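Report on the structure given below.
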Amino acid sequence: MKITDTHAHLYMKEFKNDIHHVIKRAMNQGINRFFLPSISSSSISDMIELENKYPNICFPMIGLHPNNVFPKTIEIELNNIKKYLNQHRFISIGETGIDLHFNKKFLIEQEYAFVNQIKLAKENKLPIIIHCRNSFHRVIKILENNSYSKGVFHCFSGNLKEAIIITDLGMKLGIGGIITFKNNHIDEFLHKISIKNIVLETDSPYLSPYPFRGERNEPSRLKVILNKLSKIYSISEKMIAKYINKNVDDLFFN
């Protein structure tokens, strides 16, 4: 069984002291690829270092997270993305998007950064990883206005109507630990969404699945999410992994 964690911040300080063991634990569970989303230019060198240390295992993305969008640095950050895209291979643009939970102050700047990163994704024929929090309709409108539908709605936590809008647009749902939380409602309707529209993620070190809530998350716990999906779709874990692995390959490597 081969599984990809499509969203893991393994370059963060939380993994500084034991990254080798974290990766080894995951690979012992069949998780053999880790996609590393960028949050700003400050994370790029650490991601590339991991890629060099674990070739064909760790894959960096590049982007500016909406919570790191500030008027004084936005142009510097966007120019850095362009510069690095010319120097190195990244599998995606992201994570980017709009967050109105933590950072309502710079909405105009967030939208500007999001639109510019969509343009970069289109120019470089790359998927885009979308952070969408309390901003669903704004994000969808921007995607439609910019005619782009190749990517993932990271950490999907919406309702069936939103899931249908996203997948009808042609994008994937990033399903992570939230699906195991007792107060989640995704497990009540996800079976109505085709498995071809789903990828798996942990968002490590965040959003550890039940029963590990409150602990540092890591990619080995993707198996907990896989097990939950197996029950939702009444399909074996092995078949779920096979279908989703194809989704990942089609989106990121074709």
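No value in this document is a laboratory result; all are computed from the given coordinates. Small disclaimer: the values here were computed from a predicted structure and weren't measured. Neighbour counts are summed over all protein chains in view; Cβ atoms, including those assigned to glycine, are modelled from backbone coordinates with ideal geometry.
Between amide H atoms placed 1.01 Å from N, distances below 5 Å from I198 occur with L173, all of them 5 or more places distant or on a separate chain. Note on the stretch 104-177: the C-alpha convex hull projects to 4.9 nm² when averaged across all orientations. Taking other residues whose beta carbon is less than 11 angstrom from the beta carbon of M1, and scoring Lys, Arg as +1 and Asp, Glu as -1, yields +3.
Restricting the calculation to alpha carbons of the stretch 191-254 gives Rg and Dmax of 12.4, 37 angstrom. Mean separation of Cα pairs under 8 Å and 6 or more residues apart, divided by the residue count, gives the stretch 92-221 a relative contact order of 18 percent. Loop sites by DSSP among the chymotrypsin sites (Phe, Trp or Tyr not before Pro) of the chain, restricted to those with at most 13 other Cβ atoms within 10 angstrom, leave 103-252 as the longest stretch without any of them. Under 8 Å for C-alpha pairs, at least 6 residues apart: give me the relative contact order for the stretch 65-143, rounded to a whole percent. Across the stretch 65-143, relative contact order equals 40 percent. Rounded, prolate or oblate: which fits the stretch 108-254 when a ≥ b ≥ c are the square roots of the eigenvalues of the alpha-carbon gyration tensor, with rounded for a/c under 1.5 and prolate only if a/b beats b/c? Since a/c reaches 1.5 and a/b is larger than b/c, the shape of the stretch 108-254 is classed as prolate. Other residues within the sphere of radius under 14 Å centred on the Cβ of N159, judged by their own Cβ, net out at -1 (K and R +1, D and E -1). Quarter the surface of the alpha carbon convex hull of the stretch 1-45 and you get the mean projected area, 3.2 square nanometres. Its alpha carbons considered, the stretch 50-172 gives a radius of gyration followed by a Dmax of 14.3, 42 Å. Each stretch of four or more DSSP H residues adds -39500 (n - 2.57); spread over every residue of the chain, this sum gives -12500 deg cm²/dmol at 222 nm.
One compactness figure for the stretch 1-80 is 1.19, namely its Cα radius of gyration divided by 2.2 N^0.38 Å. For the chain, relative contact order (Cα pairs under 8 Å, six or more residues apart, normalised by length) works out to 20 percent.
Here the chain was treated as a single set of alpha-carbon atoms; its pair distances binned every 5 Å from 0 give 1, 6, 15, 19, 21, 18, 13, 6, 2, 0, 0 percent. Highest average first, the peptides 36-46, 159-169, 58-68 ordered by how many other beta carbon atoms sit within 10 Å of their residues are 58-68, 36-46, 159-169.
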